[in-house]
Amino acid sequence: MLVKTAIRTLIVAALVIAPFAVTSPYYLHLLVTIAIFAIVALGLDIVFGYTGEVSIGHAALFGIGAYTAGCLVMHFDLGFWPSIVLGPIVAAAFGGLLALPALRVTGPYLAMVTLAFGTIVQILINETVDLTNGPLGIKLNTPFFLDLRDYGDTWSILDMSLKRMRDVEYFYVTGIALLLAVLVINRITASRFGRAFEALRDAPIACDCMAVSVYRHKVMAFIISAAFAGFGGVLFAFSEQYIAPNTFSFDLSVQFLLAVTMGGRKSRLGPILGATIVVFLPNILADIALFRIVVGVIAAIALCVGLYAVLRRRDLLPKLAPPVALCILFFVLALTMRSITDFRLSIFGLMILFVVYFLPDGIVGAAKILLRQITPAFRKRHASTQAEGEASHAITVTTDAVSADALLEVRTAVMQFGGLRALDKVDLAVTAGTIHGLIGPNGSGKSTMMNLLSGIYTPTSGEILFEGRSIAGLGSSQIAGRGIARTFQNVQLFGELTLLENVLVGLHHSYKSTLLDVVLRLPRAIREERAARQRAADILSFVGLRDRADEEARNLPYGKQRLLEIGRALALDPKLLLLDEPAAGLTAPDIADLIAIIKAIRARGISVILIEHHMDVVMGLCDVITVLDFGQKIAEGQAAAVQANPRVVEAYLGGAVAA
Amino acid sequence: MNILAQLIVSGIVVGMIYGVIAFGYQLTFSTSKTLNFGQGEALTLGALVGLSLVWFLTARGLGIGLAYIVMLPLVLMFGLAQGAVVERLGVRQAIKNKSEAGWIMATIALGIIFRNIAENLWGRDALKFPSPLPEIAIVVGPVRIQPMEVVIVLGALAMMLAVEAFNRKSIFGKAVVATASDRDAAGLMGINTGLVITFSYALSSMAAAFAGVLIAPITLAGATMGGVLGLKAFAVAIIGGLSSGLGVVVGGLILGITETFTGYYISTGYKDVPGLVLLLLVLALKPTGLFGKAVIKKV
């Protein structure tokens, strides 16, 4: 915490005094460019770092922002303020146009589409001469807001010619813009939206089943990101005073990506650091002497850091040796090279490869990891939840009266996979407030039924009615929204989120605050977040994990992970909870806890469908049991009746020897 | 009417080139769920290496036709090697780390490096690739077609059929198919899936290099020739479906013909636009591509 505050204060202080220290207009302009690139990189980080999708078209979105400004100036004689509002909006609109189709499928599609988009935008800017002035580009003026020379003599200590004044003022404008961008992104990433972005990357299916639509949130992340690119573009146009299509090329898109990866994803400092490097890079690569010095310094730093780390922890040697050796080798190479201008792009490419291989978490990420490994005391700390609550209020059911009618009714459901009929005309009726067991040998169709009920599969034919309404054919997140929550046979937690955050993702539905509320930190957003954290803590108490709330979920032992999954599902305020083998892999004491929890869940009026192979659990808990075999229902009834049913015995133990 | 037929024929020729490159994407995507973002540069290098070989051979007194034929297997071998290098340097590590972004960044970086090397070795200007066939158009009814264009269409088809036949008939091809349908299971059956993925990259780059030497005689060869072609092939692969062999041929033809029509009826400047529009339309309407199959996700 302390380190963070110190870094923040330092950055702000540096921004304030920079124009007094940097008197060269060239370097001041470079600082402005860094701030602008940092804004774009920070925006790109939302897509690239958080959701894990790759965009190779951010230069084009950046260009769209810049050209929005250019066109407003050229055609309508409008200036900075209209542009700074419209630029992000236009870029966001284009972002939506790309993301809506491209994110419907998982895979490298967004990268491919944005790459194509980047090229097309350049072509279009060149071609639509009437609108954009084509290859000739557009000239605009840096805005001038206040003539500070009117405000006394304090300014006369510095050279304050009109031009310098303008430069300094614009520097502050971009500086403030950068701080604003950091603030907004901090707020978004700390909100339920940021959690959703991270969650969908870790476990997309589970995310959908928590009523958090993966698709919608990916699109949203991309649109936010595009808006930041457009915002940066407007600032860029007014800073450069001239824009031409060639600037917004594929190479620029790759530079933005490099800035985020090299600096470090999922942080504010990382993209800013990366942007600084990327902006300075052409200068370094233009001058062989400077290039050698920089490469030398990097090699020296790598050597020192490597040596220090290895002296503290010998086992780090094999991991650290190759990158350090490569840095030194590169320095030797730099000494032997006579000219670098021809190999600029190759060096750029080698940098990307180096980052991908040895700095996958970026400079900031690597520094954190190193610090943590060398000094175990430096651990990631999460905002702790102070509120202590009454566990009993944590779980609520929204159905007022527990009616005797069927909560869920499956009618002649068929699920066909090619030639395999995994479910063959199965009927199932779950009465509200009961625990309904679903058993059968492996491959009998139990999990298929779960996937059908939670919308992961769409039934080939048949009907599924939940509270009297058909849910067959709805998406997972819609079904989850109606009140069906589930756990998974192979645990699917959001590994990098804390336990509390995992449950908070489940509580996503309980928020009403919009993105705007979050960004402006309106009281509603603050209130809701506080309430949700309180409830999440209560739910963790309910499943007995309250004391580990701030640990990362992936560090939990297996048994506890299953309990956390149940907690996360309960956060959805479900009317029906699907438990897919919750006791699998659990130790005996854990199973006892589990049984108590499931009973408590029923006591609160939540109906449960339970798939389980531990027969003692099933027989002890279930009000009704349905037995499946080879996709067909072979028996149904109360525990004792099912146990006595000869067909069930046959399914489990094999047929009787031919009589 | 005349012009219509002519446009369709020209579209088919361009479309087949797109198809071959997209076919390369498909090969690697099926085995590893990754593809080479520097595929265009594989095409560039193939064409330029081919050009140097043709220069070398004709300088030794070989006729241009013979030189072209001798050059072909060498370029194909170069393509194989180049693809293997891309996989080893760019993709393997990323697959191991399960990092989605890693292989995209790495193949882009390798593409940039290859382009830079090509610029340094062959210069920044586009070079004339001597045509192995007479450059006199054959007139078939209303259509004028260059002999080399016929070779492009036939060559492209032959290349795809050869690879398909190899995958279906040979035992190693079966390993490729097995890896494509389930990498983990194939690995458990003793198939060296790493090698199969390397091999698919090698084949993919070979296809691109082949496309390079096919198209260079009717355009020009240069360091930047591949970039846009690689990009168009993205569109083709998505339009046709990344999982369908027939898809890339049909997708290529659709895109090629749309482009020549746009170029003629609207403006050559907008020739590249329909690719993206088609791409977005297909993704919006049928995300798995026109010929793709929906994959059922496992939970």
Can you pull out every residue in the stretch B:48-71 that is under 21 Å from B:A202 (Cβ atoms), among the hydrophobic types (A, V, I, L, M, F, W, C) and touching a Phe, Trp or Tyr at 6+ places or on another chain (Cβ under 8 Å)?
B:L48, B:V49
Can you work out which of the residues in the stretch A:131-145 that are more than 13 Å from chain B (Cβ to nearest Cβ) and part of a helix (DSSP H, G or I) is least open to solvent (accessible area, probe 1.4 Å)?
A:L131
Note on the stretch B:118-152: residues in a helix (DSSP H, G or I) and either away from chain A (no Cβ under 14 Å) or in contact (Cβ under 8 Å) with a residue 40 or more places away in the chain (or both) are B:A118, B:E119, B:L121, B:W122, B:P147, B:M148, B:E149, B:V150, B:V151, B:I152
Tell me, please, whether a residue that is surrounded by 15 or more Cβ atoms within 10 Å (Cβ to Cβ), farther than 22 Å from B:I108 by Cα and at pLDDT 80 or above can be found in the stretch A:340-356.
no
Kindly evaluate B:L242 against the criterion of being of a type outside the set (D, E, K, R) and within 12 Å of B:G46 (Cβ to Cβ).
no
Quick one: A:T128 ticks every box in (1) surrounded by 20 or more Cβ atoms within 10 Å (Cβ to Cβ); (2) hydroxyl-bearing (S, T, Y); (3) within 10 Å of another protein chain (Cβ to nearest Cβ) except a single one, so which number is it?
(1)
Looking at (1) open to solvent by 10 Å² or more (accessible area, probe 1.4 Å); (2) more than 14 Å from chain B (Cβ to nearest Cβ); (3) out of contact with any Ser or Thr (no Cβ under 8 Å at 6 or more places or on another chain), which is the one condition that is false for A:L97?
(2)
Would you pick out the residues in the stretch A:608-659 that are part of a loop (DSSP other than H, G, I, E, B), over 23 Å from A:R421 (Cβ atoms), under 44 Å from the mean Cα position of the chain (by Cα) and hydrophobic (A, V, I, L, M, F, W, C)?
A:C622
In the stretch A:535-565, what residues are part of a loop (DSSP other than H, G, I, E, B) and under 20 Å from A:D580 (Cβ atoms)?
A:V543, A:L545, A:L556, A:P557
Looking at B:G252, B:G230, which is the one that is in contact with a Gly (Cβ under 6 Å, 6 or more places away or on another chain), within 12 Å of chain A (Cβ to nearest Cβ) and either open to solvent by less than 20 Å² (accessible area, probe 1.4 Å) or part of a helix (DSSP H, G or I) (or both)?
B:G230
Taking the stretch A:352-369, which residues are within 18 Å of A:V279 (Cα to Cα) and at the interface with another protein chain (Cβ under 8 Å from one of its Cβ atoms)?
A:I352, A:V355
Report the residue count in the stretch B:114-135 for those that are open to solvent by 50 Å² or more (accessible area, probe 1.4 Å) and either farther than 19 Å from B:L214 by Cβ or in contact with a strand residue (DSSP E or B) (Cβ under 6 Å, 6 or more places away or on another chain) (or both).
5
From A:G49, A:G70, residue being over 27 Å from B:V282 (Cα atoms), within 14 Å of chain B (Cβ to nearest Cβ) and in a helix (DSSP H, G or I)
A:G49
Which ones in the stretch A:579-596 are within 33 Å of the chain's Cα centre (by Cα), open to solvent by 10 Å² or more (accessible area, probe 1.4 Å) and modelled with pLDDT of 90 or more?
A:E581
Apart from one, (1) open to solvent by 10 Å² or more (accessible area, probe 1.4 Å); (2) touching a helix residue (DSSP H, G or I) at 6+ places or on another chain (Cβ under 6 Å) all hold for A:L61; the odd one out is (1)
When you check A:A18 against the structure, is it open to solvent by less than 60 Å² (accessible area, probe 1.4 Å), touching a residue at least 40 places away in the same chain (Cβ under 8 Å) and under 23 Å from A:S249 (Cβ atoms), yes or no?
no
Pick from B:G155, B:G111: which is more than 14 Å from chain A (Cβ to nearest Cβ), open to solvent by less than 60 Å² (accessible area, probe 1.4 Å) and either in contact (Cβ under 8 Å) with a residue 40 or more places away in the chain or over 17 Å from A:Y357 (Cα atoms) (or both)?
B:G155
Give the stretch A:101-118 a look and list any residue that's at the interface with chain B (Cβ under 7 Å from one of its Cβ atoms), part of a loop (DSSP other than H, G, I, E, B) and open to solvent by less than 20 Å² (accessible area, probe 1.4 Å), or say none.
A:P108
Looking only at the stretch A:324-339, count how many residues are over 24 Å from B:R124 (Cβ atoms) and open to solvent by 70 Å² or more (accessible area, probe 1.4 Å).
5
Among (1) surrounded by fewer than 17 Cβ atoms within 10 Å (Cβ to Cβ); (2) within 34 Å of the chain's Cα centre (by Cα), there is one condition A:T276 misses while meeting the rest; what is its number?
(1)
Report yes if A:S403 is at pLDDT 90 or above, farther than 26 Å from A:Q632 by Cα, open to solvent by 20 Å² or more (accessible area, probe 1.4 Å) and not in a strand (DSSP E or B), otherwise no.
no
May I ask you to list the residues in the stretch B:63-94 that are β-branched (V, I, T), within 14 Å of another protein chain (Cβ to nearest Cβ) and open to solvent by 40 Å² or more (accessible area, probe 1.4 Å)?
B:V85
Taking the conditions exactly as written (open to solvent by 30 Å² or more (accessible area, probe 1.4 Å), of a type outside the set (G, A, S) and either within 21 Å of the chain's Cα centre (by Cα) or within 14 Å of chain B (Cβ to nearest Cβ) (or both)), does A:D251 satisfy them or not?
yes
I'd like the residue in the stretch A:468-496 that is more than 21 Å from the chain's Cα centre (by Cα) and outside any loop (DSSP other than H, G, I, E, B) and, out of all such residues, is farthest from the other protein chains (Cβ to nearest Cβ).
A:R469
So, A:A584, is that one under 23 Å from A:E198 (Cα atoms) and touching a residue at least 24 places away in the same chain (Cβ under 8 Å) or not?
no
Among A:P557, A:P582, the single one that is in contact with an Asp or Glu (Cβ under 8 Å, 6 or more places away or on another chain) and more than 15 Å from A:S454 (Cα to Cα) is A:P582
Of all helices (runs of 4 or more DSSP H) fully inside the stretch B:1-103, the set with 3 or more residues that are modelled with pLDDT of 90 or more and under 21 Å from B:P130 (Cα atoms) is B:2-32, B:39-59, B:64-86
Could you please give the count of residues in the stretch A:409-466 that are without any contact (Cβ under 8 Å) to a residue 24 or more places away in the chain, small (G, A, S) and more than 15 Å from A:L628 (Cα to Cα)?
2
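The values are calculated or read from the model by the stated rules, or taken from the named source; none is laboratory data. A quick note: this is a predicted structure, and the numbers were derived from the prediction, not measured. Every residue, glycine as well, gets a Cβ built from its backbone with ideal geometry; the counts of neighbours run over all protein chains shown. Side chains are part of the model used for accessible areas, which takes the heavy atoms of the whole protein and leaves out ligands, DNA and RNA. Shrake-Rupley method; radii C 1.70, N 1.55, O 1.52, S 1.80 Å.
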